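Here the structure is laid out as structure tokens; the discussion comes afterwards.
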Amino acid sequence: MKSIREIYKIGKGPSSSHTMGPARAAEVFLSRYPGAKTYCVKLYESLAKTGRGHGTDRVLYEVLGKSRTDVQFCEYVEEVLPHPNTMDFFAYDDDENEIGTMRVLSVGGGDILIEGEPHDEATEIYPENSFAEIKQFCAWRYISLSEYVELNEGAEIWDFLAEIWRAMKRSISMGLHTEGILPGGLKVQRKAKHIFSQERENEIPQVRELRLVCSYAYAVTEENADNGIVVTAPTCGSCGVLPAVLLYMQERGGFSDEKILQALAVAGLIGNLVKRNASISGAECGCQAEIGTATSMAAAALCTLFDLTIDQTEYAAEIAMEHQLGLTCDPICGLVQVPCIERNAVAAKRSLDAFNLASFLCGTRNISFDMVVRTMKETGHHISEKFKETSEGGLAKLYSRRRT
């Protein structure tokens, strides 16, 4: 597997696959053909159908220059494409002759693959590619999952994760102190500050937990929806789950930053396993790939904070994913707002439930984490394309009907 640095990326929202990935691809293409007179970018399938709402055209114009770039939304093509997030780049000279092309797949989490070019095998730093293999290795070496991460990544991974944690906390702080209407035309009101400020006299602990965790998740995802700076965990669309539960637990339990970084390391490992063996792309496997993975990451992170065993950590991650299976991706108007923002808050609470169940039910399970990841992949491949980040089904379709 690759480094967990590929799971955590700091960048602008609202979508890792629809904004961060295309922006990165445009930068590569620009570096190869800096002297081109004009550029053309053709977006296909999911990128075409929800690209305007996700701001794909905006980031392409920012990188390549709006005055000399033509962005085309090709929603329906006869060609069988290698990935739902496929895009073609073209460069032209002064005489409108084509001087270069590049096909790019935006595979989720801001990562891209350039068709016909070898992948960088040097970034494969983990010999193990399943939770079962990792668990066996850790038992053999008598090490924890966070120690396993350091063994493969090197001690410098902690400086990286420290910056990731600072960025996560900044996104929460920004979201809690900002009000107003989110862009895109849905007129969605920011709610994080309102939820956070609703403390009442004699507030019971369960209500306080719900209020704070949800306000933190709202804060991050509202920042994401407003094109703010967030951390993919594992994507922009699911960026609010992990930081919400970690900050809440740090404040409630007084955990040190060192312990939080260990939790981030284990969460990144879980995200890595899903990315390696299934997908973290909503366009490929639906929202179960994004929110489902984020919930598993957060549940495993919580287990690390409380020094639960590797078996308990696996169980928590498995519970978190299992009960997100089949979750569709149907963003209204192609915006990462409804149901995405609220869904992050619900998932954050669900990760706490998975953690709590695993803490006292471990030893009774029948399903492994590896099995539920394979199931998620199979389920995703059988979900209708209408429910995989195309805004052609579900809430997106029904909302449009009601409004027209």
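Structure summary
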| read-out | value |
| --- | --- |
| Filtered residue count, the range 156-183, keeping only those that are open to solvent by 60 Å² or more (accessible area, probe 1.4 Å), in a helix (DSSP H, G or I) and either modelled with pLDDT under 95 or among the hydrophobic types (A, V, I, L, M, F, W, C) (or both) | 1 |
| Qualifying position, being buried (at least 17 other Cβ atoms within 10 Å of the Cβ) and closer than 16 Å to residue 373 by Cα, among 347, 317, 358 | 317 |
| Cβ pairs under 7 Å, 6+ apart, first in the range 331-347 and under 15 Å from residue 215 (Cβ atoms), second in a helix (DSSP H, G or I) and hydroxyl-bearing (Ser, Thr, Tyr) | 341/218; 341/221; 344/221; 345/218; 347/295 |
| All helices (runs of 4 or more DSSP H) inside the range 48-155 with 3 or more residues being surrounded by fewer than 22 Cβ atoms within 10 Å (Cβ to Cβ), without any contact (Cβ under 8 Å) to a residue 60 or more places away in the chain and not acidic (Asp, Glu) | 56-64, 131-141 |
| Within the range 19-47, tally of residues that are surrounded by fewer than 20 Cβ atoms within 10 Å (Cβ to Cβ) and either of a type in the set (Asp, Glu) or in contact with a Leu (Cβ under 7 Å, 6 or more places away or on another chain) (or both) | 2 |
| Wholly enclosed helices (runs of 4 or more DSSP H) of the range 184-279 bearing at least 1 residues modelled with pLDDT of 95 or more, among the β-branched types (Val, Ile, Thr) and touching a strand residue (DSSP E or B) at 6+ places or on another chain (Cβ under 9 Å) | 205-225 |
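Residues are listed down the side, and each one gets a yes or a no for (1) touching a His at 6+ places or on another chain (Cβ under 6 Å); (2) closer than 24 Å to residue 312 by Cα; (3) acidic (Asp, Glu):
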position: 139; (1), (2), (3): no, yes, no
position: 176; (1), (2), (3): no, no, no
position: 179; (1), (2), (3): no, no, yes
position: 184; (1), (2), (3): no, no, no
position: 195; (1), (2), (3): no, no, no
position: 200; (1), (2), (3): no, no, no
position: 204; (1), (2), (3): no, no, no
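Yes/no matrix, rows are residues, columns are (1) surrounded by fewer than 24 Cβ atoms within 10 Å (Cβ to Cβ); (2) free of Cβ contacts under 8 Å to residues at least 60 places away in the same chain:
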{"residue": "207", "(1), (2)": "yes, yes"}
{"residue": "216", "(1), (2)": "no, no"}
{"residue": "228", "(1), (2)": "yes, no"}
{"residue": "235", "(1), (2)": "no, no"}
{"residue": "247", "(1), (2)": "yes, no"}
{"residue": "251", "(1), (2)": "yes, yes"}
{"residue": "271", "(1), (2)": "no, no"}
{"residue": "277", "(1), (2)": "yes, no"}
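The values are calculated or read from the model by the stated rules, or taken from the named source; none is laboratory data. Computed from a predicted structure; not experimentally measured. With ideal geometry, Cβ positions are generated from the backbone for all residues, glycine too; neighbour counts draw on all protein chains shown. What goes into the accessible areas is simple: the full protein's heavy atoms, side chains included, and nothing from ligands, DNA or RNA. Shrake-Rupley method; radii C 1.70, N 1.55, O 1.52, S 1.80 Å.
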